[in-house]
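The values are calculated or read from the model by the stated rules, or taken from the named source; none is laboratory data. Fair warning: this is a prediction, and the values are worked out from it, not measured in the lab. Cβ: placed from backbone, ideal geometry, glycine included. Neighbour counts: every protein chain shown.
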(Lines give C-alpha, C1' and ligand atoms only; values in the text may rest on other atoms or scores of the structure.)
Protein backbone atom coordinates (compact mmCIF):
# COMPACT_ATOMS: atom_id res chain seq x y z
CA UNK A 1 0.00 0.00 0.00
CA UNK A 2 1.13 3.55 -0.73
CA UNK A 3 1.69 5.81 2.29
CA UNK A 4 -1.26 8.03 1.33
CA UNK A 5 -3.55 4.99 1.73
CA UNK A 6 -2.98 4.88 5.48
CA UNK A 7 -1.39 8.21 6.39
CA UNK A 8 -4.64 9.41 7.99
CA UNK A 9 -6.30 7.94 11.06
CA UNK A 10 -9.24 5.83 9.88
CA UNK A 11 -12.59 6.81 11.45
CA UNK A 12 -14.41 4.19 13.51
CA UNK A 13 -16.97 3.75 10.70
CA UNK A 14 -14.18 3.22 8.16
CA UNK A 15 -13.70 4.48 4.63
CA UNK A 16 -15.22 1.56 2.69
CA UNK A 17 -17.81 -1.12 3.39
CA UNK A 18 -17.47 -4.88 2.81
CA UNK A 19 -18.31 -4.37 -0.87
CA UNK A 20 -15.60 -1.77 -1.36
CA UNK A 21 -18.14 1.07 -1.54
CA UNK A 22 -17.91 4.43 0.23
CA UNK A 23 -19.20 4.33 3.81
CA UNK A 24 -21.85 7.02 4.35
CA UNK A 25 -22.16 7.23 8.12
CA UNK A 26 -25.26 8.55 9.85
CA UNK A 27 -25.17 12.02 11.40
CA UNK A 28 -25.12 10.36 14.83
CA UNK A 29 -22.05 8.32 13.89
CA UNK A 30 -20.31 11.46 12.64
CA UNK A 31 -21.11 13.46 15.79
CA UNK A 32 -20.07 10.56 18.04
CA UNK A 33 -16.78 10.38 16.15
CA UNK A 34 -16.29 14.13 16.65
CA UNK A 35 -16.63 13.93 20.44
CA UNK A 36 -14.41 10.88 20.58
CA UNK A 37 -11.69 12.60 18.53
CA UNK A 38 -11.61 15.84 20.56
CA UNK A 39 -11.57 14.06 23.93
CA UNK A 40 -8.09 14.93 25.24
CA UNK A 41 -8.89 13.20 28.53
CA UNK A 42 -9.27 9.91 26.67
CA UNK A 43 -5.97 10.37 24.82
CA UNK A 44 -3.43 13.18 24.70
CA UNK A 45 -2.99 12.25 21.03
CA UNK A 46 -6.33 13.98 20.41
CA UNK A 47 -4.77 17.40 20.97
CA UNK A 48 -4.63 18.40 17.29
CA UNK A 49 -8.34 17.79 16.53
CA UNK A 50 -9.15 19.34 19.91
CA UNK A 51 -7.42 22.66 19.25
CA UNK A 52 -9.16 23.06 15.90
CA UNK A 53 -12.45 23.66 17.73
CA UNK A 54 -10.80 25.05 20.88
CA UNK A 55 -9.52 27.97 18.80
CA UNK A 56 -13.06 28.52 17.48
CA UNK A 57 -14.36 28.66 21.06
CA UNK A 58 -11.60 31.15 21.95
CA UNK A 59 -12.81 33.37 19.11
CA UNK A 60 -16.44 33.36 20.26
CA UNK A 61 -16.01 36.20 22.80
CA UNK A 62 -14.74 38.47 20.02
CA UNK A 63 -17.78 37.57 17.94
CA UNK A 64 -20.20 38.37 20.77
CA UNK A 65 -18.41 41.62 21.61
CA UNK A 66 -18.65 42.68 17.97
CA UNK A 67 -22.31 41.74 17.80
CA UNK A 68 -23.51 43.27 21.08
CA UNK A 69 -20.99 45.83 22.38
CA UNK A 70 -19.24 47.29 19.36
CA UNK A 71 -21.88 46.69 16.72
CA UNK A 72 -21.97 49.11 13.81
CA UNK A 73 -22.13 48.65 10.07
CA UNK A 74 -18.45 49.43 9.63
CA UNK A 75 -17.69 46.66 12.16
CA UNK A 76 -19.82 44.23 10.13
CA UNK A 77 -18.14 45.34 6.90
CA UNK A 78 -14.66 44.97 8.41
CA UNK A 79 -15.43 41.46 9.67
CA UNK A 80 -16.90 40.47 6.31
CA UNK A 81 -13.93 41.71 4.28
CA UNK A 82 -11.44 40.10 6.65
CA UNK A 83 -13.29 36.79 6.60
CA UNK A 84 -14.42 36.44 3.01
CA UNK A 85 -11.45 38.02 1.22
CA UNK A 86 -8.35 38.31 3.42
CA UNK A 87 -8.60 35.07 5.41
CA UNK A 88 -9.86 33.17 2.37
CA UNK A 89 -7.09 34.39 0.09
CA UNK A 90 -4.44 33.67 2.73
CA UNK A 91 -5.78 30.13 3.08
CA UNK A 92 -5.37 29.61 -0.66
CA UNK A 93 -1.85 31.05 -0.65
CA UNK A 94 -0.42 29.43 2.47
CA UNK A 95 -2.20 26.16 3.13
CA UNK A 96 -3.25 25.29 -0.40
CA UNK A 97 -0.72 26.43 -2.98
CA UNK A 98 2.40 26.58 -0.82
CA UNK A 99 1.77 24.18 2.04
CA UNK A 100 0.21 21.35 0.08
CA UNK A 101 1.37 21.76 -3.51
CA UNK A 102 4.63 23.73 -3.19
CA UNK A 103 3.57 25.75 -6.22
CA UNK A 104 6.14 28.44 -5.44
CA UNK A 105 9.35 28.89 -3.46
CA UNK A 106 10.09 31.64 -0.95
CA UNK A 107 13.45 33.35 -1.28
CA UNK A 108 14.17 32.95 2.44
CA UNK A 109 12.62 32.15 5.83
CA UNK A 110 11.61 35.76 6.44
CA UNK A 111 9.12 35.84 3.57
CA UNK A 112 7.85 32.40 4.49
CA UNK A 113 7.29 33.40 8.13
CA UNK A 114 5.66 36.68 7.08
CA UNK A 115 3.23 34.90 4.77
CA UNK A 116 2.49 32.17 7.29
CA UNK A 117 1.49 34.73 9.93
CA UNK A 118 -0.13 37.28 7.66
CA UNK A 119 -3.48 36.71 9.37
CA UNK A 120 -4.91 35.42 12.65
CA UNK A 121 -3.85 31.76 12.89
CA UNK A 122 -6.75 29.32 13.17
CA UNK A 123 -5.63 26.06 11.48
CA UNK A 124 -2.65 23.81 12.32
CA UNK A 125 -0.63 23.12 9.16
CA UNK A 126 -0.65 19.34 9.42
CA UNK A 127 -4.47 19.23 9.71
CA UNK A 128 -4.77 20.74 6.25
CA UNK A 129 -1.69 19.76 4.28
CA UNK A 130 -1.43 16.01 4.82
CA UNK A 131 -5.13 15.37 4.32
CA UNK A 132 -5.29 17.59 1.25
CA UNK A 133 -2.69 15.47 -0.49
CA UNK A 134 -4.91 12.46 0.20
CA UNK A 135 -7.89 14.39 -1.16
CA UNK A 136 -6.12 14.89 -4.48
CA UNK A 137 -5.01 11.26 -4.64
CA UNK A 138 -8.54 9.99 -3.94
CA UNK A 139 -10.87 12.80 -5.03
CA UNK A 140 -14.50 11.76 -4.53
CA UNK A 141 -13.43 8.16 -3.91
CA UNK A 142 -13.48 6.17 -0.66
CA UNK A 143 -10.65 7.50 1.50
CA UNK A 144 -11.10 11.10 0.39
CA UNK A 145 -11.18 12.78 3.83
CA UNK A 146 -13.84 15.30 2.78
CA UNK A 147 -15.81 13.31 0.26
CA UNK A 148 -18.86 15.32 -0.78
CA UNK A 149 -20.67 12.12 -1.77
CA UNK A 150 -20.98 11.26 1.94
CA UNK A 151 -22.93 14.42 2.75
CA UNK A 152 -22.57 17.87 4.29
CA UNK A 153 -21.76 16.86 7.87
CA UNK A 154 -19.14 14.38 6.67
CA UNK A 155 -17.31 17.30 5.03
CA UNK A 156 -18.04 19.89 7.73
CA UNK A 157 -16.50 17.81 10.53
CA UNK A 158 -13.75 16.30 8.40
CA UNK A 159 -11.02 18.27 10.20
CA UNK A 160 -11.60 16.18 13.34
CA UNK A 161 -13.04 12.96 11.93
CA UNK A 162 -10.96 12.37 8.82
CA UNK A 163 -7.97 14.72 8.60
CA UNK A 164 -6.01 13.63 11.67
CA UNK A 165 -2.71 11.95 10.86
CA UNK A 166 -2.25 8.27 11.67
CA UNK A 167 -0.66 8.10 15.16
CA UNK A 168 0.67 4.55 14.66
CA UNK A 169 3.08 4.79 11.74
CA UNK A 170 6.47 3.11 11.58
CA UNK A 171 9.50 5.34 12.00
CA UNK A 172 10.19 5.22 8.26
CA UNK A 173 6.63 6.21 7.38
CA UNK A 174 6.56 8.91 10.05
CA UNK A 175 9.74 10.51 8.71
CA UNK A 176 8.22 10.52 5.23
CA UNK A 177 5.02 12.10 6.56
CA UNK A 178 6.91 14.72 8.57
CA UNK A 179 8.77 15.64 5.39
CA UNK A 180 5.45 16.62 3.83
CA UNK A 181 5.14 19.73 6.01
CA UNK A 182 8.76 20.45 6.88
CA UNK A 183 9.05 23.12 4.15
CA UNK A 184 6.47 25.23 6.00
CA UNK A 185 8.94 25.88 8.83
CA UNK A 186 7.14 23.64 11.32
CA UNK A 187 9.74 21.81 13.43
CA UNK A 188 8.56 18.19 13.40
CA UNK A 189 8.50 15.97 16.45
CA UNK A 190 11.10 13.27 16.79
CA UNK A 191 9.70 9.79 16.31
CA UNK A 192 9.63 9.30 20.07
CA UNK A 193 7.71 12.57 20.51
CA UNK A 194 5.33 11.53 17.71
CA UNK A 195 4.62 8.28 19.54
CA UNK A 196 3.66 10.32 22.60
CA UNK A 197 1.67 13.12 20.95
CA UNK A 198 0.38 11.39 17.79
CA UNK A 199 1.23 14.39 15.64
CA UNK A 200 3.94 15.94 13.49
CA UNK A 201 3.79 19.29 15.29
CA UNK A 202 4.80 19.70 18.91
CA UNK A 203 1.96 21.04 21.12
CA UNK A 204 4.22 23.38 23.12
CA UNK A 205 5.58 25.10 20.02
CA UNK A 206 2.12 25.16 18.44
CA UNK A 207 0.51 26.85 21.45
CA UNK A 208 3.44 29.23 21.85
CA UNK A 209 3.24 30.41 18.24
CA UNK A 210 -0.55 30.67 18.52
CA UNK A 211 -0.31 32.97 21.53
CA UNK A 212 2.32 35.13 19.82
CA UNK A 213 0.29 35.34 16.62
CA UNK A 214 -2.95 36.32 18.34
CA UNK A 215 -1.21 38.77 20.67
CA UNK A 216 0.52 40.51 17.77
CA UNK A 217 -2.59 40.82 15.64
CA UNK A 218 -4.90 41.96 18.42
CA UNK A 219 -2.37 44.64 19.39
CA UNK A 220 -1.93 45.75 15.76
CA UNK A 221 -5.68 45.91 15.13
CA UNK A 222 -6.21 47.77 18.41
CA UNK A 223 -3.73 50.50 17.48
CA UNK A 224 -5.44 50.88 14.10
CA UNK A 225 -9.05 50.93 15.26
CA UNK A 226 -9.38 50.17 18.94
CA UNK A 227 -11.16 47.23 20.53
CA UNK A 228 -14.03 47.55 18.05
CA UNK A 229 -11.83 46.80 15.03
CA UNK A 230 -9.78 44.14 16.83
CA UNK A 231 -12.90 42.27 17.93
CA UNK A 232 -14.45 42.62 14.46
CA UNK A 233 -11.46 41.11 12.68
CA UNK A 234 -11.07 38.29 15.18
CA UNK A 235 -14.79 37.62 14.70
CA UNK A 236 -14.13 37.56 10.95
CA UNK A 237 -11.42 34.95 11.52
CA UNK A 238 -13.96 32.81 13.39
CA UNK A 239 -16.54 33.14 10.63
CA UNK A 240 -13.94 32.05 8.09
CA UNK A 241 -12.61 29.03 9.97
CA UNK A 242 -16.13 27.73 10.50
CA UNK A 243 -17.27 28.61 6.99
CA UNK A 244 -14.27 27.08 5.23
CA UNK A 245 -15.35 23.70 6.56
CA UNK A 246 -18.29 23.88 4.13
CA UNK A 247 -16.15 24.59 1.07
CA UNK A 248 -15.33 21.13 -0.20
CA UNK A 249 -18.97 20.06 -0.05
CA UNK A 250 -19.94 23.08 -2.17
CA UNK A 251 -16.79 22.94 -4.31
CA UNK A 252 -17.48 19.34 -5.29
CA UNK A 253 -21.06 19.90 -6.36
CA UNK A 254 -22.62 18.70 -3.09
CA UNK A 255 -21.63 15.21 -4.16
CA UNK A 256 -23.34 15.45 -7.54
CA UNK A 257 -22.05 15.86 -11.09
CA UNK A 258 -22.52 19.57 -11.85
CA UNK A 259 -19.84 20.33 -14.43
CA UNK A 260 -20.71 23.08 -16.90
CA UNK A 261 -19.54 22.98 -20.48
CA UNK A 262 -16.83 25.55 -21.16
CA UNK A 263 -16.36 26.27 -17.46
CA UNK A 264 -15.27 22.99 -15.85
CA UNK A 265 -12.66 21.02 -17.79
CA UNK A 266 -11.51 18.53 -15.16
CA UNK A 267 -14.06 15.73 -15.46
CA UNK A 268 -12.47 12.87 -13.50
CA UNK A 269 -13.78 14.34 -10.21
CA UNK A 270 -16.74 16.41 -9.02
CA UNK A 271 -14.88 19.71 -8.52
CA UNK A 272 -16.47 22.82 -10.03
CA UNK A 273 -15.41 26.42 -10.63
CA UNK A 274 -17.50 28.74 -8.45
CA UNK A 275 -17.63 32.51 -8.91
CA UNK A 276 -17.64 33.62 -5.25
CA UNK A 277 -14.67 31.58 -3.94
CA UNK A 278 -12.93 32.17 -7.25
CA UNK A 279 -13.15 35.96 -7.16
CA UNK A 280 -12.69 36.33 -3.41
CA UNK A 281 -9.99 33.74 -2.73
CA UNK A 282 -8.55 32.69 -6.09
CA UNK A 283 -10.14 29.28 -5.54
CA UNK A 284 -11.11 28.23 -9.07
CA UNK A 285 -11.41 24.69 -7.84
CA UNK A 286 -11.95 22.75 -11.05
CA UNK A 287 -8.97 24.53 -12.64
CA UNK A 288 -6.96 23.68 -9.55
CA UNK A 289 -7.76 19.98 -9.89
CA UNK A 290 -6.47 20.10 -13.46
CA UNK A 291 -3.18 21.71 -12.42
CA UNK A 292 -2.80 21.37 -8.62
CA UNK A 293 0.85 22.40 -8.70
CA UNK A 294 0.18 25.76 -10.34
CA UNK A 295 0.62 28.98 -8.36
CA UNK A 296 -2.22 30.42 -10.47
CA UNK A 297 -5.64 28.82 -10.96
CA UNK A 298 -7.50 31.78 -12.44
CA UNK A 299 -6.62 30.94 -16.03
CA UNK A 300 -9.23 32.94 -17.97
CA UNK A 301 -9.62 36.71 -18.27
CA UNK A 302 -12.66 36.87 -16.00
CA UNK A 303 -11.12 34.60 -13.35
CA UNK A 304 -9.58 37.05 -10.91
CA UNK A 305 -7.04 35.25 -8.73
CA UNK A 306 -6.10 37.28 -5.63
CA UNK A 307 -3.85 34.51 -4.31
CA UNK A 308 -1.86 34.61 -7.55
CA UNK A 309 -1.68 38.42 -7.32
CA UNK A 310 0.03 38.12 -3.93
CA UNK A 311 2.42 35.39 -5.10
CA UNK A 312 3.36 37.30 -8.24
CA UNK A 313 3.79 40.54 -6.28
CA UNK A 314 6.20 38.78 -3.92
CA UNK A 315 8.06 37.40 -6.92
CA UNK A 316 8.47 40.90 -8.38
CA UNK A 317 9.84 42.34 -5.12
CA UNK A 318 12.10 39.36 -4.49
CA UNK A 319 10.15 37.51 -1.78
CA UNK A 320 9.43 34.53 -4.03
CA UNK A 321 12.29 33.04 -6.02
CA UNK A 322 10.33 30.81 -8.39
CA UNK A 323 6.82 29.57 -9.15
CA UNK A 324 4.91 27.27 -11.49
CA UNK A 325 2.22 28.79 -13.70
CA UNK A 326 0.09 26.40 -15.79
CA UNK A 327 -2.05 28.98 -17.53
CA UNK A 328 -0.56 28.42 -20.97
CA UNK A 329 -0.85 24.64 -20.61
CA UNK A 330 -4.51 25.03 -19.66
CA UNK A 331 -5.22 27.26 -22.64
CA UNK A 332 -3.45 25.02 -25.16
CA UNK A 333 -4.69 21.68 -23.84
CA UNK A 334 -8.25 22.55 -22.86
CA UNK A 335 -9.53 26.03 -23.67
CA UNK A 336 -8.36 26.61 -27.24
CA UNK A 337 -9.57 23.15 -28.36
CA UNK A 338 -12.91 23.91 -26.70
CA UNK A 339 -13.20 27.21 -28.59
CA UNK A 340 -12.34 25.43 -31.85
CA UNK A 341 -15.06 22.84 -31.26
CA UNK A 342 -17.53 25.61 -30.50
CA UNK A 343 -16.60 27.38 -33.73
CA UNK A 344 -17.12 24.21 -35.75
CA UNK A 345 -20.42 23.47 -33.99
CA UNK A 346 -21.69 27.01 -34.64
CA UNK A 347 -20.71 26.87 -38.33
CA UNK A 348 -22.58 23.58 -38.77
CA UNK A 349 -25.70 25.01 -37.11
CA UNK A 350 -25.49 28.14 -39.29
(request) Sort out which residues of region 189-213 are within 20 Å of the chain's Cα centre (by Cα) and either more than 26 Å from residue 35 (Cβ to Cβ) or not in a helix (DSSP H, G or I) (or both), and write them in order of number. (result) 199, 200, 201, 209, 213
(request) Filter region 266-281 for residues that are in a loop (DSSP other than H, G, I, E, B) and either over 20 Å from the mean Cα position of the chain (by Cα) or closer than 18 Å to residue 303 by Cβ (or both) and give the result. (result) 266, 267, 268, 271, 272, 273, 274
(message) Tell me the residue from 222, 216 that is in a helix (DSSP H, G or I), modelled with pLDDT of 95 or more and in contact with a helix residue (DSSP H, G or I) (Cβ under 7 Å, 6 or more places away or on another chain), please.
(response) 222
(message) Quick check on region 252-265. Is at least one of its residues more than 20 Å from residue 149 (Cα to Cα), surrounded by fewer than 19 Cβ atoms within 10 Å (Cβ to Cβ) and within 19 Å of the chain's Cα centre (by Cα)?
(response) no
(message) Being part of a helix (DSSP H, G or I) and either closer than 18 Å to residue 155 by Cβ or modelled with pLDDT under 95 (or both) is true for just one of 61, 49, 11, 25. Which residue is that?
(response) 49
(message) Can you tell me how many residues within region 294-309 are touching a helix residue (DSSP H, G or I) at 6+ places or on another chain (Cβ under 6 Å), surrounded by fewer than 22 Cβ atoms within 10 Å (Cβ to Cβ) and more than 22 Å from residue 338 (Cβ to Cβ)?
(response) 1
(request) Collect the residues in region 26-49 that are touching a residue at least 12 places away in the same chain (Cβ under 8 Å) and either closer than 19 Å to residue 181 by Cβ or touching a helix residue (DSSP H, G or I) at 6+ places or on another chain (Cβ under 7 Å) (or both), keeping them in residue-number order. (result) 27, 30, 33, 34, 37, 38, 44, 45, 46, 47, 48, 49
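Of the residues in region 135-188, how many are assigned to a helix (DSSP H, G or I) and either buried (at least 17 other Cβ atoms within 10 Å of the Cβ) or within 15 Å of the chain's Cα centre (by Cα) (or both)?
Filtering region 135-188 for residues assigned to a helix (DSSP H, G or I) gives 135-137, 148-150, 152-156, 158-161, 171-184.
Narrowing further to those that are either buried (at least 17 other Cβ atoms within 10 Å of the Cβ) or within 15 Å of the chain's Cα centre (by Cα) (or both): 135-136, 148-150, 153-156, 158-161, 174, 177-178, 180-181, 184.
Final tally of qualifying residues: 19.
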(request) Taking only region 243-255 into account, find how many residues are within 17 Å of residue 121 (Cβ to Cβ) and at pLDDT 95 or above. (result) 0
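Assess whether residue 341 counts as being in contact with a helix residue (DSSP H, G or I) (Cβ under 9 Å, 6 or more places away or on another chain), assigned to a helix (DSSP H, G or I), without any contact (Cβ under 8 Å) to a residue 12 or more places away in the chain and surrounded by fewer than 22 Cβ atoms within 10 Å (Cβ to Cβ).
Numbers: in contact with a helix residue (DSSP H, G or I) (Cβ under 9 Å, 6 or more places away or on another chain): no; assigned to a helix (DSSP H, G or I): yes; without any contact (Cβ under 8 Å) to a residue 12 or more places away in the chain: yes; surrounded by fewer than 22 Cβ atoms within 10 Å (Cβ to Cβ): yes.
So residue 341 fails the test.
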(request) Please determine, by comparing only the residues of region 319-338 that are loosely packed, with under 12 Cβ neighbours inside 10 Å and assigned to a helix (DSSP H, G or I), which one is farthest from the chain's Cα centre (by Cα). (result) 336
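With respect to residue 30, determine if the residue is assigned to a helix (DSSP H, G or I), at pLDDT 95 or above, within 22 Å of the chain's Cα centre (by Cα) and over 25 Å from residue 255 (Cα atoms). If you could, list the steps in order and put the result at the bottom.
Working: assigned to a helix (DSSP H, G or I): yes; at pLDDT 95 or above: yes; within 22 Å of the chain's Cα centre (by Cα): yes; over 25 Å from residue 255 (Cα atoms): no.
When the stated conditions are applied, residue 30 does not pass them.
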